[in-house]
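Colleague: Can you read through this structure? Questions will come right after.
The values are calculated or read from the model by the stated rules, or taken from the named source; none is laboratory data. Only a predicted model underlies this, so the values are computations on that prediction, with no experimental measurement involved. Cβ placement follows ideal geometry from the backbone for every residue including glycine, while neighbour counts extend to all protein chains displayed.
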Amino acid sequence: MWPAARSLAIIALLAAPAAWAQPEAKILRVTFQAAETGFDPARVHDYYSSMIIEAIYDTLLTYDYLARPAKLVPNAAAMPEVSADGRTYIFRIRRGIYFADDPAFKGRKRELTAQDFAYSIRRFYDPKNRSPYAFLFTGKIVGLDELAARAKKSGRFEYDTPVAGLQTPDPYTLVIRLNQPDVNFGYVLAFPLTAGVAREVIEAYGDESPSHPVGSGPFLLKRYVRSSKIVLARNPSYRGKIWDFDPGDNARFKQIAERMQGKRLPAIDGVEISIMEETQSRWLAFQRAETDIEYQLWEVAPTYMTDDGRLKPEFVRRGIQLDRTVDPEVIYLFYNMQDKVGDAPNPVGGFSKERIALRRAIAMSYNIDDQIRIIRKGQAVRAQYPIPPGVGGYDPQYTSLIPYDPRAANALLDRYGYKKGSDGYRRQPNGEPLVIRYTSTPTERDRQFDELTKRSLDSIGIHMEIQKERFPEYLKAQKQCRVMMGHQAWIADYPDGDNFMQLLYGPNIHESNNACYDSPEFNRRYERSRQLHPGPERERLYHEMTRLMETETAWLLTDSRVRNSLQQPWVVGFTKHPVMHDEWLYIDLEPKPAY
Amino acid sequence: MLAYTLRRLWQFVPTLAGVILLVFFLFNWVGGDPAYLLAGKISSPEMIANIRRQLGVDEPYAVQLWIFVKQVLSGDFGASWSTNERVAEIFATRLGPSLTVLVPLLVISTLLGMAAAMLVAYVRGSLTDRAVMVACTMGQSISILVYILVFQYVFAYQLGWFPVQGWGVAFMDNLLRYSVLAIIVGVAVSLAPDIRLYRTFFLDEINQDYVRTARAKGMSETRVMWVHVLRNAAIPIVTNVLLQLPGLLAGAFLIERFFGIPGIGREVILAVERSDFPIIKAVTVYVAIATMMVNLLADLLYKAIDPRVQLK
């Protein structure tokens, strides 16, 4: 009896330290400031859902974590072999990549293959999915648009009908043939929503597929309470990666590399995401160390940052880290360039000298510094070029032709016959009243834009009316060229200037060209730029196009917002990538101090 | 009573028809076209048309209205346009969190409000009465947003008694950990108007002849107040409490947003932001039906509380 008890005691003593030494699971806690909509790559369009999709699925290509501007690297496939005419892409899928286990696989390990990517691409063309990112592929792949057209008529998409543009000669080879060369096609295949999904999973879950994501990426969905909590766990089937990135000369990146180099990824065990719409809740939760990273706290930035963009000393003392990057976006004030808005004459549209002068004068009266200081609370940088920092084609040397100069703006209007009436407001050169209708949405932030724009136009004696539209109606009005003047933001889908320049391309009216700008000179240059790889020739065209847009004043570029990501002291390796939606694969968590 | 109940149920029909028409026309005229939201950043007119066709919003208004009526009759409002989740599933999963907060909130605020109102009504005109009334007026004039911000800052951040926000899996964890601060805020907000309202109910009863008679017969004050006055004042109080419930379910969105509670109120706001008509339709119809049912229940309860009440 006694020896047995003694043996048990010894075993217990030996086992106990092992239990005590059990490390705490590394769970990263973050927040989203808006609710997700689901995790089916072909069916979602919001940024937050894409973050989860990026963590769960594998794309063919991805980005180097530290390279700036963003650089494509292999992921599920090696870098593609591209034909001399730029129309054929051959992807070699890596062997041994497996999906996370799921009942849809009926107990078998399921390898990721070229057919999964071909199926995923076809899903963007299926009208039933009404994919918001169908534009990434529409008109590009040989034969697929015809399939989509047939599906619209028959109501059923033919997933098994062979098409010349999308072939899988073996499970590890994907051949894509394009209608036209597209130098940006590689970026499309690094976009998280183009990830590979398994057909049997999509078919097993049907309409419920947005809440049953099954991927081959680093994490899997462990728990999901819609619009409230998303818990990801490390995917045991994930092949793993080694942290190995070149930090270049960037001092912060060097620090990151020193601490992360050689670590096996993912280094964390999971991610817990809470949906917190309210800034106060997010800010207090971060300060209470209930969360590890806060991606954006614009409204309270003056609370934790100095005017020169640094953390206040009390936060530095607590070890809080700040990662400050400019979002790959541009915000701009646009004018409707058409002669008519609906059936009514458009006083700001057209290409006559008077109309150009009017648009230029409005642009010169708009105080961008006030927008950055008051509306952005200092957390934005002036945008000079239609392509923002971090995106291929960005030119930091470029300076806009349009200065802030209300006096010169007034003189310009006087010169072109916009005389002031007895009410103090200007009239059109033909003597008719001049009323600019500015459209915005009924939000607190847009109310600030309303006031700033009204003040600007008042300063040059132009009568402005504000038209409020709910967001869907605002989008509709833009696409139908019914917005006379408004503000708009565009964030990069892929890190190339083409994604921004297409916003001004004439044939994109009713799609993404909300100024309804149709300049033959601009269009000709844009079409030429689409044939060119990034380089001096394309840069020159982009310069010319930008100058042309400024001369005709279709837009006034205002700013790009600065993203201030706050991290707790125990977060290691985080920096906001300009294009990737999340960085959870590349970071680590150190043990938290005991309070 | 059965005849009365059946008659009232029959009266639901025109009311519900009015609600259906109102919701339908409001959504179609001011709700915005959901296709433009769902189509994403770059969309062609063909894509928009395809989405409109799938959602059925390209049908003539009469057809759309008939579909809506059929949905109300069948109780099947289809799926959310933005997340594809079944509307019934949304209600099934969001109702629990909402009730976890709202039921304790209503019970506590009602009991506290009744006790305080009875006390101040009993000592009406005294310094205590006036002080409580002034405090209630002040409390009522402060926005719920201020209560949330201050309570969250003080009790969650400064004192660390509660998490700032969150929601777990286990019911008891949610009730005793995540809901407590939200309940405290809700009680603080509703206490002031409840006390003022209930005080008037108690004052009405205290001045009745039967109270004077009870006192003249030598009945103790405790018995007069707790048995006779409370019983008679309970009728309007019950009405008030029951009528609050349906509105609170959809209207507690501020509390749910700030405290991260995945309830119905938060879902309604999301649906409005996304022009998600199936959810808006369902919520409006459910709240209307719940309000009518609660009204009926309150009337039936009058009879149970006070047998003198005649239902006609």
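Colleague: Could you list all residues from the range A:167-197 that are in a helix (DSSP H, G or I) and either buried (at least 19 other Cβ atoms within 10 Å of the Cβ) or of a type in the set (Phe, Trp, Tyr) (or both)? First the steps, then the outcome.
Modeller: We begin by selecting, within the range A:167-197, every residue in a helix (DSSP H, G or I); these are A:185-188, A:192-194.
Correct list: A:PHE185, A:TYR187, A:VAL188, A:PRO192, A:LEU193, A:THR194.
Colleague: Okay, next question. Could you list, in sequence order, the residues of the range A:43-71 that are hydrophobic (A, V, I, L, M, F, W, C), at pLDDT below 95 and over 28 Å from A:ARG282 (Cβ atoms)?
Modeller: A:ALA67 - this is the single residue of the range A:43-71 that is hydrophobic (A, V, I, L, M, F, W, C), at pLDDT below 95 and over 28 Å from A:ARG282 (Cβ atoms).
Colleague: Against the condition modelled with pLDDT under 90, within 30 Å of A:ALA285 (Cα to Cα) and within 14 Å of another protein chain (Cβ to nearest Cβ), how does B:GLU273 come out, does it pass? If you could, list the steps in order and put the result at the bottom.
Modeller: Numbers: modelled with pLDDT under 90: yes; within 30 Å of A:ALA285 (Cα to Cα): yes; within 14 Å of another protein chain (Cβ to nearest Cβ): yes.
Spelling it out, B:GLU273 is indeed modelled with pLDDT under 90, within 30 Å of A:ALA285 (Cα to Cα) and within 14 Å of another protein chain (Cβ to nearest Cβ).
Colleague: All but one of (1) under 24 Å from B:VAL30 (Cβ atoms); (2) surrounded by 15 or more Cβ atoms within 10 Å (Cβ to Cβ) hold for A:PRO442, so report the exception by its number.
Modeller: It is condition (2) that A:PRO442 fails.
Colleague: Turning to a different aspect of this structure: If you go through the range A:554-583 one residue at a time, how many are in contact with a Phe, Trp or Tyr (Cβ under 7 Å, 6 or more places away or on another chain) and within 17 Å of A:ALA190 (Cβ to Cβ)?
Modeller: 5
Colleague: On to the next question. Which residues, counting only those in the range B:141-185, are assigned to a loop (DSSP other than H, G, I, E, B), out of contact with any strand residue (DSSP E or B) (no Cβ under 7 Å at 6 or more places or on another chain) and either hydrophobic (A, V, I, L, M, F, W, C) or more than 12 Å from chain A (Cβ to nearest Cβ) (or both)?
Modeller: Those that are assigned to a loop (DSSP other than H, G, I, E, B), out of contact with any strand residue (DSSP E or B) (no Cβ under 7 Å at 6 or more places or on another chain) and either hydrophobic (A, V, I, L, M, F, W, C) or more than 12 Å from chain A (Cβ to nearest Cβ) (or both): B:ILE142, B:SER143, B:LEU159, B:TRP161, B:PHE162, B:VAL164, B:VAL169, B:ALA170, B:SER179.
Colleague: Taking the condition part of a helix (DSSP H, G or I), under 30 Å from A:ASP46 (Cα atoms) and within 11 Å of chain A (Cβ to nearest Cβ), does B:GLN54 pass? Working first, answer last.
Modeller: Working: part of a helix (DSSP H, G or I): yes; under 30 Å from A:ASP46 (Cα atoms): yes; within 11 Å of chain A (Cβ to nearest Cβ): yes.
Yes.
Colleague: Output the qualifying pairs, or none if there are none: Cβ atoms under 8 angstrom, residues six or more apart or on different chains, first residue in the range A:276-295 and at the interface with chain B (Cβ under 7 Å from one of its Cβ atoms), second residue of a type in the set (Phe, Trp, Tyr) and assigned to a strand (DSSP E or B).
Modeller: That search, which allows pairs on different chains as well, returns A:MET276/A:PHE32.
Colleague: Suppose the filter is part of a helix (DSSP H, G or I), within 13 Å of another protein chain (Cβ to nearest Cβ) and either in contact with a strand residue (DSSP E or B) (Cβ under 6 Å, 6 or more places away or on another chain) or more than 17 Å from B:PHE277 (Cα to Cα) (or both); does B:GLU46 pass it? Let's see the steps before the verdict.
Modeller: Working: part of a helix (DSSP H, G or I): yes; within 13 Å of another protein chain (Cβ to nearest Cβ): yes; either in contact with a strand residue (DSSP E or B) (Cβ under 6 Å, 6 or more places away or on another chain) or more than 17 Å from B:PHE277 (Cα to Cα) (or both): yes.
Answer is yes for this residue.
Colleague: Any residue in the range A:315-339 that's over 28 Å from A:ALA251 (Cβ atoms): show its pairings with residues that are among the basic types (Lys, Arg) and buried (at least 19 other Cβ atoms within 10 Å of the Cβ) at Cβ separation under 6 Å, as long as the two are six or more apart or on different chains.
Modeller: A:TYR335/A:ARG359
Colleague: A follow-up question, please. Go through the range B:90-119 residue by residue and tally those that are hydroxyl-bearing (Ser, Thr, Tyr) and over 23 Å from B:VAL169 (Cα atoms).
Modeller: Within the range B:90-119, residues that are hydroxyl-bearing (Ser, Thr, Tyr) and over 23 Å from B:VAL169 (Cα atoms) number 2.
Colleague: Might you check whether a residue that is within 13 Å of another protein chain (Cβ to nearest Cβ) and touching a Pro at 6+ places or on another chain (Cβ under 9 Å) occurs anywhere in the range A:444-466?
Modeller: No, because not a single residue in the range A:444-466 is within 13 Å of another protein chain (Cβ to nearest Cβ) and touching a Pro at 6+ places or on another chain (Cβ under 9 Å).
Colleague: Among (1) buried (at least 23 other Cβ atoms within 10 Å of the Cβ); (2) within 14 Å of chain A (Cβ to nearest Cβ), there is one condition B:ARG199 misses while meeting the rest; what is its number?
Modeller: All conditions are met except number (2).
Colleague: Run A:TYR125 past the list (1) surrounded by fewer than 22 Cβ atoms within 10 Å (Cβ to Cβ); (2) within 14 Å of another protein chain (Cβ to nearest Cβ) and report the number of the one that doesn't hold.
Modeller: (1)
Colleague: Right, here's the next one. Of B:ALA79, B:ALA39, which residue is among the small types (Gly, Ala, Ser), over 30 Å from B:LEU245 (Cα atoms) and surrounded by 15 or more Cβ atoms within 10 Å (Cβ to Cβ)? Full working, then the answer.
Modeller: Values: B:ALA79 fails: over 30 Å from B:LEU245 (Cα atoms).
Only one candidate passes the filter, namely B:ALA39.
For (1) over 20 Å from A:SER228 (Cβ atoms); (2) outside any helix (DSSP H, G or I); (3) touching a residue at least 60 places away in the same chain (Cβ under 8 Å), each residue gets a yes or a no:
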{"residue": "B:VAL211", "(1), (2), (3)": "yes, no, no"}
{"residue": "B:ARG223", "(1), (2), (3)": "yes, no, no"}
{"residue": "B:VAL229", "(1), (2), (3)": "yes, no, yes"}
{"residue": "B:PRO236", "(1), (2), (3)": "yes, no, no"}
{"residue": "B:LEU245", "(1), (2), (3)": "yes, no, yes"}
{"residue": "B:GLY265", "(1), (2), (3)": "no, no, yes"}
{"residue": "B:VAL268", "(1), (2), (3)": "no, no, no"}
{"residue": "B:THR284", "(1), (2), (3)": "yes, no, yes"}
{"residue": "B:THR291", "(1), (2), (3)": "yes, no, no"}
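Colleague: Looking at (1) surrounded by fewer than 18 Cβ atoms within 10 Å (Cβ to Cβ); (2) farther than 30 Å from A:GLY535 by Cα; (3) not small (Gly, Ala, Ser), which is the only condition A:TYR224 fails?
Modeller: Going through (1) surrounded by fewer than 18 Cβ atoms within 10 Å (Cβ to Cβ); (2) farther than 30 Å from A:GLY535 by Cα; (3) not small (Gly, Ala, Ser) one by one, A:TYR224 breaks only (1).
Colleague: Still on this structure: Those residues that are over 30 Å from A:PHE191 (Cα atoms) and within 14 Å of another protein chain (Cβ to nearest Cβ), I need them from the range A:468-495; list them, please.
Modeller: Going residue by residue through the range A:468-495, those that are over 30 Å from A:PHE191 (Cα atoms) are A:468-469, A:482-485.
Residues satisfying the conditions are A:LYS468, A:GLU469, A:ARG482, A:VAL483.
Colleague: Here is a further query. Quick one: in the range B:150-163, which of the residues that are free of Cβ contacts under 8 Å to residues at least 12 places away in the same chain and not aromatic (Phe, Trp, Tyr) is surrounded by the fewest Cβ atoms within 10 Å (Cβ to Cβ)?
Modeller: Top of the filtered list is B:LEU159.
Colleague: If you don't mind, there's one more thing I want to ask. Run down B:PHE77, B:PHE27 and say which single residue is closer than 20 Å to B:ILE280 by Cβ and either part of a helix (DSSP H, G or I) or among the polar types (S, T, N, Q) (or both).
Modeller: Checking each option against the conditions leaves just B:PHE27.
Colleague: Test B:LEU22 against the criterion of being more than 14 Å from every other protein chain (Cβ to nearest Cβ), of a type outside the set (Gly, Ala, Ser) and farther than 19 Å from B:SER275 by Cβ, and give yes or no.
Modeller: Numbers: more than 14 Å from every other protein chain (Cβ to nearest Cβ): yes; of a type outside the set (Gly, Ala, Ser): yes; farther than 19 Å from B:SER275 by Cβ: no.
Criteria not met by B:LEU22.
Colleague: Tell me yes or no: at least one residue of the range A:369-377 is part of a loop (DSSP other than H, G, I, E, B), on the phi < 0 side of the Ramachandran plot, surrounded by 13 or more Cβ atoms within 10 Å (Cβ to Cβ) and not β-branched (Val, Ile, Thr).
Modeller: Narrowing the range A:369-377 to residues part of a loop (DSSP other than H, G, I, E, B): A:376-377.
Okay, now just the ones that are also on the phi < 0 side of the Ramachandran plot, so A:376.
Subset that is surrounded by 13 or more Cβ atoms within 10 Å (Cβ to Cβ): A:376.
Remaining after also requiring not β-branched (Val, Ile, Thr): A:376.
Yes - at least one qualifying residue is present in the range A:369-377.
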